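Written below as structure tokens is the structure these notes are about.
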Amino acid sequence: MRIIVPLLFSVAWAGAAVADPLYGIAMHGDPALPPDYQHFSYVNPDVKKGGDITYGVVGSFDALNPFVLKGMRSSARGLWEEEFGHLVYEPLMKRSRDEPFTLYGLLAETAEWDAERSYIQFNMDPRAKWADGEPVTPEDVMFTFNLLKDKGRPPYNRRLDLVETMEKVGERGVRFTFNDKANRETPLIFALMPVFPAHALDPETFDTNTMAMPLGSGPYTIDTVEPGQRIVYTRRDDYWGKDLPSMVGFANYDKITVDYYLQSSTLFEAFKKGAVDIYPDDDPSHWARAYDFPAANDGQVIKDTFSPETPTGMMGFVFNTRRPKFEDARVREALSNIFDFQWVNRTLFDNAYQRTESYWQNSALGAYGNPATETERELLEDAIDVIDPKILAGDYAMPVTDGSGSDRKVLGAAVRLLAEAGYKIDGGKMIGPDGNQLSFEVMTTNSAQEKLALAYQHSLNLIGVAMTIRTVDDAQYQKRLNTFDYDMIVLVAPGFYYTSSLSPGAEQIWRWETRSRDIEGTFNFAGVANTDVDRMINDMLEARSTEHFTDSVRALDRLLVNGHYMLPLYHRDGQWVARWSDIEPPAETPIYGYQLPTWWDASAQ
């Protein structure tokens, strides 16, 4: 990658067509909002700003830098994230949550690209200022990319691998010209990159002094830090972007507090007392039974259900295929089929859930319920010969048990499948080709994961498979995730799981592609290394039409389901959130569901 001497003019080099500056860019098609849009559709543009909100989260934190490996999953919440908002750091452009994948101007007032997306040029907003009053410049953007290349965590440290040249253009432009490693989504991923102040950061200590107080361009600054327990943000009166169309209706509180709790039960007790203002609830039994307390009965606490229009995503147990015991897909399939979803759903969740059969279920992108098209079959090439015909037909489903917790028919089928892989039951134990009992450990970090692991353990014991459960604290859990030091993990809400969007893209590289298997800090928890998966992700990223894109994602879905890298669990319709009545959401819910950064304190004076 070359860094070019800054150009002193704002047009492309001689012989190249000059692109018109764009107020917004979309992965497919055009932005839904017009150039003169005033605000996003899902905000309250007339909101009265002020007041405060307190969020509660389970866990701890020991860093204020989410961009390095050391702080990857242990940084304080709110600095840089979608859920609570980019409070301190800001991206170049802002994503609308009411479109599949469309970005509008933020730090970059406009962008320019060509039809091939061989480059992206960001034209910085001349009004953009850091919290200390210094302007945000193209030099800051270039500094950020270089710093993250040298010191950042995945995937930020690999962005410049896709760049042929990075150069300043005129007074306000910074242009990235891509090499042949880039794809059609790359310009949008670059638009979502954070920007750091070159004048206020020491590159030498960026990845070591992770509790250094950050300087950002966002609407908030850090007021108070109690490591591991609390972080408090205060709104900037001089925030440069408060009147931007993409920021209208956001950053509505004068103060935002994030309190940390050791467990969800303690967090809920704090919510009941009013010490926490919002409680997203993912437990059906809890949602149905836990709100019989005075504040909920008299209307001070309100239970809301929101209806997003997104795919289900995937929660489940993840097999670490780096472990020899999980290398054989037949073993993974058999162990997946053992889980008695019908029994768990009835006894633990009041039948509130539906079984998840696809990574993009409940959408046109999912393979479940959609037979493979001719284009899909062509895309899959020789891989079509190893995919279960039922998966190709779209009618593959996980086994349905009798709900007893010990369905002999399902257990017998799993035993026969394990026999094909060289296992047999001897003395009540499932003995492998190496003469040892099939055994493994599942790592958990909260009560929701433990509850599922215990149910799974019960089923495995019935066929002589020994599964142990190790519950670790948040810090150890994050460290072992980063280094893939586990046999199996559980991805469920609340917590981390594989969410799915209507525009899957480069994040799939860091979940499933071979290159992410051995890089610490990626989300390839299963250790997938499959050339067909790699090829399909690339095809998805290069798709030029909606039809081709849909076929590529469905084909990827079929490969992942057929690989049995995860034991799929469940999903439900709607999002559940309890709130104190002085905290209010906008009337409209965007396609990606409720957006906490658009809520406000109705009691603000």
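Read the figures in this text as sums done on the coordinates, not as results from a lab. None of these values were measured; they are calculated from a predicted model. We place every Cβ from the backbone using ideal geometry, glycine too, and count neighbours over all the protein chains shown.
Would region 99-163 count as rounded, prolate or oblate if I go by the C-alpha gyration tensor, calling it rounded below 1.5 in a/c and otherwise prolate when a/b exceeds b/c, oblate otherwise? Judged from the Cα gyration tensor, region 99-163 comes out oblate (a/c at least 1.5, b/c at or above a/b).
Each peptide in 342-351, 132-141, 382-391 receives the mean, over its residues, of other Cβ atoms within 10 Å, and ordering these scores from highest gives 132-141, 342-351, 382-391. When only the Cβ of Lys, Arg, Asp and Glu is charged (+1, +1, -1, -1), the dipole of the chain relative to its Cα centre reaches about 1240 debye. Spatially, region 371-404 and region 26-49 are offset by 39 Å when compared through their Cα centroids. Rounded to the nearest whole Hz, the Karplus-based 3J(HN,Hα) values (6.51 cos²θ - 1.76 cosθ + 1.60, θ = phi - 60°) of region 508-524 follow the sequence 5, 4, 7, 9, 10, 7, 3, 5, 8, 4, 10, 9, 4, x, 7, 9, 7, with x at glycine and proline.
If R0 is taken as 45 Å, the Cβ-Cβ distance between Asp395 and Asp223 corresponds to a FRET efficiency of 0.20. Amide hydrogen proximity for Thr444: with H placed 1.01 Å from N in the peptide plane, the residues at 5 or more positions away or on another chain lying under 5 Å are Arg470, Thr471, Val472. Here the simple spin-label model places points 7 Å from the Cα toward Cβ, and for Asp518 and Glu204 these points are separated by 3.4 nm. Placing a label point 7 Å from the Cα of Asp238 along the Cα-to-Cβ direction, the residues of region 108-131 whose backbone N falls under 12 Å from that point are 129-131.
Close amide H partners of Asn179, meaning residues 5 or more places away or on another chain with modelled amide H under 5 Å apart, are Val163, Glu164.
Couplings for region 273-278, taken from phi via the Karplus curve 6.51 cos²θ - 1.76 cosθ + 1.60 with θ = phi - 60°, read 7, x, 6, 10, 8, 9 Hz in order; Gly and Pro are left as x. Using a Förster radius of 51 Å, what is the FRET efficiency between Met213 and Ser41 based on their Cβ-Cβ separation? Nearest 0.05, please. For Met213 and Ser41, the calculated efficiency is 0.90. When the Cα gyration tensor is reduced to axis lengths a ≥ b ≥ c, the ratio a/c is 1.5 or higher for region 452-605, and with a/b not above b/c it is classed as oblate. How many angstrom lie between the C-alpha centres of region 88-154 and region 266-312? One Cα centre to the other: 36 Å. Across the chain, the relative contact order, built from alpha-carbon pairs under 8 Å that are at least six residues apart, equals 21 percent.
Label-to-label distance for Lys273 and Gln354 is 4.0 nm, based on points extended 7 Å past Cα in the beta-carbon direction.
With R₀ set to 56 Å, the beta-carbon distance separating Glu139 from Asp382 gives a calculated FRET efficiency near 0.70. Applying the Karplus relation 6.51 cos²θ - 1.76 cosθ + 1.60 with θ = phi - 60° to region 206-221 yields 3J(HN,Hα) values of 4, 9, 10, 8, 6, 9, 5, 5, x, 10, x, 9, x, x, 10, 10 Hz, where x marks Gly and Pro. Taking amide H as placed 1.01 Å from N in the peptide plane, Val68 has its amide H under 5 Å from the amide H of Arg153, each at least 5 places away in sequence or on another chain. If the segment from Arg572 to Ser447 were pulled out straight at 0.36 nm per residue, it would be longer than the present Cα-Cα gap by 43.0 nm. Axis of helix 546-563 versus longest Cα principal axis of the chain: the two differ by about 40°, to the nearest ten degrees.
Taking other Cβ atoms within 10 Å as a rough exposure proxy, Ser552, Ser74, Ser447, Ser363 sort from fewest to most as Ser447, Ser363, Ser74, Ser552.
Segment Lys48..Gln457, full-extension length gain: 142.1 nm, with 0.36 nm per residue of separation and the alpha-carbon distance subtracted. Overall form of region 308-415: oblate. Here a/c, set by the Cα gyration tensor axes a ≥ b ≥ c, is 1.5 or more, and a/b is not larger than b/c.
Computed over region 316-571, relative contact order equals 32 percent, with contacts defined as Cα pairs under 8 Å that lie 6+ residues apart. Over region 473-605, Cα pairs under 8 Å with separation of 6+ residues give a relative contact order of 15 percent. Here the gap between Ser307 and Asp292, fully extended at 0.36 nm per residue and compared with their Cα-Cα distance, gives a gain of 3.0 nm. With both labels modelled 7 Å from their Cα along Cα-to-Cβ, the Ser265 to Asp426 distance reads 4.3 nm.
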